[in-house]
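Student: Structure below; questions to follow.
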Amino acid sequence: MEIIKLHHPYTQDQIPAGDVVLALGFFDGVHKGHQEVIGRAKQIAAEKKYKLAVMTFNQHPSIVFKKIAVEDMLYLSTVEKKQAMMAELGVDILYEVDFTSAFAALKPQLFVDQYIVGLHAKVVVAGFDYTYGKKEIASMEQLPSYADDRFEIVVVEKQMNEESKISSTRIRKCLDSGNIEEANGLLGYIYETAGRVVHGDARGRLLGFPTANIEVTKNVRLPRVGVYAVKIRVGKKWFLGMASIGHNITFEANRPLTVEVYILDFEQDIYGEKVTVLWHHYLRDELKFDSMEALIEQLKQDELDTLNYFK
């Protein structure tokens, strides 16, 4: 897959020759609804013998339109994860457009001329709610008038799950409420976060449950505070684990949020390693314990619950 980063205004020599089927969307999380859009585009590309291209943005439009701070925007997928999933879905060309104020200010006709026709799109595929400016003048309903018969338009209908629309917003709400199974069902895969193992306070080792303290990649949304049954990749191997997202409230108040994973049947020293955590199942909320003994008993139960879940 060829990745092409565009900053407005781009130059035409950045655009590969040849006609394409172009899928449009931000694609945060590349969930089942997004997969339907890309899958439809891939099918058409195969029929017409065109390359499959996808256009997305390097950051969420809300950063420009709603003036949300870059550091406050939390994503379901990093740029790297999105790239990997696009490659798996068979995308030939991935355009990553730098979403700046100048790009956001493009009139609908100029967007179509420069970022659809200019990318050699002969067919455009997008979800029913895709917009390229203000909804009143830049929806999929208005696209044919801007297209002026220069390309075909395929609108992918609303994708549903249990009578509700599959959307990134719905998935974020599931993660925020600890409903990890529903989030995974909407995504079509197990939600993951990546990070690096750093030194913690080593208290878990004293309890008999040594944990990997993970510094999570910035701007990635974590599931709600609590304890989870997870899988963790260290190097090229996957291990079962129980993960805690919380503030270690048993030991003191107002501690910063940490992500810690107790890896079952694992005794290696892995400080500095990059790891990936797959969030499978919510076990319980973070609790404050009156004694170390009570905490250890609960950790033993968490380990048993984790093993039973994966059975």
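Student: Can you give me the convex hull volume of the Cα atoms of the chain, divided per residue and expressed in Å³? Could you put the intermediate results ahead of the total?
Tutor: Details: hull volume 48.0 nm³, N = 311.
Per residue, the Cα convex hull of the chain comes to 154 Å³.
Student: Could you work out the helix-only [θ] at 222 nm for the chain, with each DSSP H run of four or more residues adding -39,500 (n - 2.57) and the total divided by the number of residues, to the nearest 500 deg cm²/dmol?
Tutor: On the way: 10 runs with 90 residues, N = 311.
Rounded to the nearest 500, the figure is -8000 deg cm²/dmol.
Student: So if I restrict to the alpha-carbon atoms in region 165-300, what is the Rg, and what is Dmax, the biggest pairwise distance, in Å?
Tutor: 14.8, 47
Student: Say we join alpha carbon atoms closer than 10 Å with springs in a Gaussian network model of the chain; which of GLU141, GLU162, GLU215 then has the biggest fluctuation?
Tutor: Residue with maximal mean-square fluctuation among GLU141, GLU162, GLU215: GLU162.
Student: Need one number: nm distance between label points at LYS67 and LYS48, each 7 Å from Cα along Cα→Cβ, rounded to one decimal.
Tutor: Placing both labels 7 Å along Cα→Cβ, they lie 4.1 nm apart.
Student: Which three lengths, in whole Å and largest first, does region 2-161 cover when its Cα atoms are put on their principal axes?
Tutor: Extents along the principal axes, in whole Å: 42, 36, 32.
Student: Which value in nm describes the separation of the simple spin-label points at PHE289 and MET1, placed 7 Å from the Cα toward the beta carbon?
Tutor: According to this spin-label approximation, the distance is 4.3 nm.
Student: When the chain is treated as a GNM, springs tying every alpha-carbon pair under 10 Å, which of LYS218, LYS107, LYS236 comes out with the largest mean-square fluctuation?
Tutor: So, out of LYS218, LYS107, LYS236, the one fluctuating most is LYS236.
Student: For the chain, return all DSSP H helices satisfying: extent of Cα atoms along own axis at least 30 Å; mean Kyte-Doolittle hydropathy at least 0.5. Can you show the working numbers first?
Tutor: Working: long enough: none.
Length and hydropathy pass: none found.
Student: Now a separate question. Where both residues lie in the chain, what percent of DSSP beta bridges are antiparallel, nearest 5? Working shown, then result.
Tutor: Details: 36 of 62 bridges.
Here the antiparallel bridges make up roughly 60 percent for the chain.
Student: Another question, then. Counting other beta carbons within 10 Å of each residue's own, what order do LYS48, LYS66, LYS231 fall into, fewest first?
Tutor: LYS66, LYS48, LYS231
Student: How far apart, in nm, are the 7 Å Cα→Cβ label points at VAL155 and LYS135?
Tutor: With each label placed 7 Å out from Cα toward Cβ, I get 1.4 nm.
Student: How high is the relative contact order of region 55-167, given as a whole-number percent (alpha carbon pairs under 8 Å, six or more residues apart)?
Tutor: Details: 94 pairs, mean separation 26.0, N = 113.
The value is 23 percent.
Student: Here is a follow-up. Under a 5 Å amide H to amide H cut-off, with H placed in plane at 1.01 Å, what residues pair with VAL97 once short-range neighbours are removed?
Tutor: HN-HN under 5 Å from VAL97: LEU6, THR56, PHE57, ASN58.
Student: Do any chymotrypsin sites (Phe, Trp or Tyr not before Pro) in region 210-252 lie in a DSSP loop with no more than 15 other beta carbon atoms within 10 Å, and if so, which? Please report the intermediate quantities before stating the final value.
Tutor: Numbers: sites: TYR228, TRP238, PHE239, PHE251; in loops: PHE251.
For chymotrypsin sites (Phe, Trp or Tyr not before Pro) across region 210-252 that sit outside H, G, I, E and B with at most 15 neighbouring Cβ atoms in 10 Å, the list reads PHE251.
Student: What percent do you get for the relative contact order of the chain when only Cα pairs under 8 Å and 6+ apart count? The partial results should precede the final answer.
Tutor: Details: 553 pairs, mean separation 51.2, N = 311.
Result for the chain is 16 percent.
Student: Can you list the trypsin sites (Lys or Arg not before Pro) in region 80-170 that are in a DSSP coil and have 14 or fewer other beta carbons within 10 angstrom?
Tutor: On the way: sites: LYS81, LYS82, LYS122, LYS134, LYS135, ARG150, LYS158, LYS165, ARG170; in loops: LYS134, LYS135, ARG150, LYS158.
Sites meeting the loop and neighbour criteria: LYS134, LYS135, ARG150, LYS158.
Each reported figure results from applying straightforward, stated rules to the coordinates on display, with no laboratory input. Please read these numbers as outputs of a predicted model, since none were measured by experiment. Don't worry about glycine lacking a Cβ; one is built from the backbone with ideal geometry, like all the others, and counts go over all protein chains shown.
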